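All of the numbers you see were taken from the coordinates with simple rules; none came from a lab. Everything numeric here is computed off the predicted structure, so don't read it as measured data. With ideal geometry, Cβ positions are generated from the backbone for all residues, glycine too; neighbour counts draw on all protein chains shown.
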Amino acid sequence: MELYEDVLLHILKFIPNKSTYLSNFQLVCKDYKQVLQERLDNIYWNEIENLVGYNNSNKMKQGSAFTGEIYLGNNRIDTKACELLAPALAKMTVLEELGLNGNRIDAKACEVLAPVLVKMSALKKLYLWDNRIDAKACEVLARYLKEMIGLTEIWLTDNQIDVKGCEHLIHALQKVTSLKELWLGNNRINATGKEIIEQEWMNAGKKICNLHL
């Protein structure tokens, strides 16, 4: 967009200082701006399609008109990919299930992803298993998860979460009264850590059978 503006400013130097010429130039600028935006949109959606496939891309294009679920698993999604997906995901405000399992989501990717999840106010189920989520990533997620008041399930199995990471998550998720199930199996949580997490979970008034360690 900066290049576009620079070109227009350069052209403007050669336009006579008369209202008719300037008005016509203004109309042309509006037309070109629309054409440019259309081209940028096409490039953006082509990049998303290359990342997550045609069907998922079409679902994401619908934005707030699309409900139900979308599964973006096993697409090698990392920080850069999260930056690409974030604007589109932020508009999916009525989406109920989001699958991001089997990717490369780590603490840096969570910094990009977590603020977007909060905007997805209808989200009930979030699948983040088999990623690169560790204690630092849990700390990032925890800052935002407490605002996801509609969340009922979160899957974080097969990651790199230790006791410290669990503490971040539990303290945040205690405030999410809608949360029913938490999946944390196959991480790096020792026996003592599991006891602490179980106690915290029950202190929040949640059923122990719905905590999966």
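The table for this structure:
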{"read-out": "Long-range HN-HN contacts of Tyr71 with modeled amide H, under 5 Å", "value": "Gly99"}
{"read-out": "Pairwise label distance in nanometres, Lys30 with Lys207, each label 7 Å out on the Cα-Cβ vector", "value": "6.0"}
{"read-out": "Under 20 Å from Lys33, Cα to Cα: aspartates and glutamates that are on another chain or at least 8 residues apart", "value": "Glu2, Glu5, Asp6, Asp41"}
{"read-out": "37 °C / 0.692 mPa s Stokes-Einstein diffusion coefficient of region 35-95, Kirkwood radius on C-alpha pairs, µm²/s", "value": "275"}
{"read-out": "Most positive-pole-ward Cα, Leu179, Asn42, Asn103, against dipole of the chain from beta carbon charges", "value": "Asn42"}
{"read-out": "D_trans [Stokes-Einstein, Kirkwood Rh over alpha-carbon pairs] for region 110-213, 20 °C, 1.002 mPa s, µm² s⁻¹", "value": "161"}
{"read-out": "Straight-distance crosslink candidates among lysines, where the alpha carbon sits under 16 Å from Lys59 and sequence neighbours closer than 8 are dropped", "value": "Lys91"}
{"read-out": "Expected-Rg normalisation [2.2 N^0.38 Å, Cα atoms] applied to the chain", "value": "1.34"}
{"read-out": "Cα-based reach from Lys164 at 20 Å (exclusive), listing lysines while leaving out same-chain residues under 8 positions away", "value": "Lys108, Lys136, Lys146, Lys175, Lys194"}
{"read-out": "Listed residue (Leu117, Ser64, Gly150) projecting farthest to the positive dipole end of the chain, Cβ model", "value": "Ser64"}
